[in-house]
Structures are given as C-alpha cells and as structure tokens.
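As structure tokens, the structure follows; a few thoughts come after it.
Every number in this text was worked out from the coordinates using simple rules, so none of it is lab data. Keep in mind the model is a prediction, meaning the values are calculated, not measured. Using ideal geometry, Cβ is built from the backbone for each residue, glycine included, and neighbour counts are taken over all protein chains shown.
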Amino acid sequence: RYFGVRREDVVGTRWQPLAHPDDVPGIVDQLSRLSPEHPFVLIENRVYDVNNEVRWVQFSNRAIFDEHGVIKEIHSVGRDVTDRKNAEERVRESEERFRNLVETTTDWVWEVDRNGVYTYASPAIRFLLGYEPEEVLGRTPFDFMPREETDRVAGIFGSIVDDCKPINYLENINLHK
C-alpha cells in the first residue's frame, strides 16, 4: 500500500524500481558488504510513495545465507523517517544561516569550553586583534591579555564558567598581535 503496488506484484521482484534512482548505487554498495559475520545493515534512502512523492525510509536489512556463505535472500523492514530527515534539514539550514551571520558580522564571536579554551573564533578577530581564527583555538582569552588584566578578569571569568552562565558585559583589554 505504501508504494502503491500489491504485495503479490512485488514478492520475488527486484527492489531497485522502488528506490530513488540516485540512491541505488549506495544501497547496492552497502548491501554488498553483508556477510555471514555481518548479516545486518541499516540503510536510509529515498523512495516514491503511492502518491509518487519522495519519502525517506530507514530499512533494517538482514541477509539469509546458505551453507556456502552465499546470500539466499534479504529480509527488510522499512520505517518512514521523512519527518526526522526534514527536521534535520531544517536544523542544517538554520545552522548555515547562523554560521553565515557569525562569519560576516564585524563583531568577534567566540566560544570557549569548560576550561576556558577557545573552541571557536569568528573571522572578525582578524580585524580586532590581528590573529587568524585558527591561531586562537586551543588557547585561552588570558593568552591575549596584559598580565594585570589577566589578574583582574580571572576571578570574574572563573565564576562565570564554573556556574555555566553566559558572559554578559564583561569588558577586558586584549593585546593586538
């Protein structure tokens, strides 16, 4: 019913006509990796439903082998994952929009981990401090401050990080490269 064909018209036929043509080579590649030691594979691919609309289905496939290790048949159970795939795409698009905004703003956007080590620095650091973003990764904000400023900011910064609070209105002096 899902594909718009009768069960008796599908049993014993090839699966390829039901899959999206662009996905067939990848499916074939993954199925070719089945072996008696690894008889299961999970594959997500596009199919056309009864209304000829493209849907995403996650197939759990189990190969049945004969005594010589040759595949006799493959049993597949499909689950429609279109809603999840669409949600993942919306998240990717949102992340891309955010990344474009952060990468083009004149404000320096950065991220540190729990230890206060930079894990991200936007390109604006080039104009503000003269560093390439990659040059600050793995270092801390204190590596770019005069000693007196490090002493002043360390206590404030430490309590913010320990409490996992956002950093608001913390002004500090940085050294240009």
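Some notes on this structure:
- For Val91 and Leu42, a Förster radius of 30 Å and the Cβ-Cβ distance give a FRET efficiency of 0.90, rounded to the nearest 0.05.
- Under the combined filter of DSSP loop state and at most 10 neighbouring Cβ atoms within 10 Å, the stretch 101-171 retains these chymotrypsin sites (Phe, Trp or Tyr not before Pro): Tyr169.
- Extended-chain gain in nm, criterion 0.36 nm per residue less alpha-carbon gap, Asn52 and Glu134: 24.8 nm
- Taking all C-alpha pairs of the stretch 17-65, those more than 15 Å from each other amount to 47 percent.
- 3J(HN,Hα) along the stretch 88-103: 4, 5, 4, 5, 4, 5, 5, 4, 5, 4, 4, 4, 4, 5, 5, 6 Hz, from the Karplus curve 6.51 cos²θ - 1.76 cosθ + 1.60 with θ = phi - 60°, whole Hz, x for Gly and Pro.
- Taking GluC sites (Glu not before Pro) across the stretch 119-176, the ones in a DSSP loop with at most 15 further Cβ atoms lying within 10 angstrom of their Cβ are Glu171.
- Between 0 and 90 degrees, the angle of helix 147-162 with respect to the longest Cα principal axis of the chain falls at about 40 degrees.
- DSSP-assigned coil residues among trypsin sites (Lys or Arg not before Pro) in the stretch 1-41, each with at most 14 further Cβ atoms within 10 Å: Arg1, Arg6, Arg14, Arg33
- For the stretch 40-54, 3J(HN,Hα) per residue [Karplus equation, 6.51 cos²θ - 1.76 cosθ + 1.60, θ = phi - 60°, Hz, x = Gly/Pro]: 10, 8, 9, 10, 10, 8, 8, 9, 9, 7, 4, 8, 6, 9, 6
- Relative contact order (%) - criterion: Cα under 8 Å, at least six apart; region: the stretch 54-151: 16 percent
- With helices as the sole contributors, the chain gives -10000 deg cm²/dmol at 222 nm; each DSSP H run of n ≥ 4 counts as -39500 (n - 2.57), and the sum is divided by every residue.
- Note on the chain: Cα convex hull, mean projected area over all directions, 16.5 nm².
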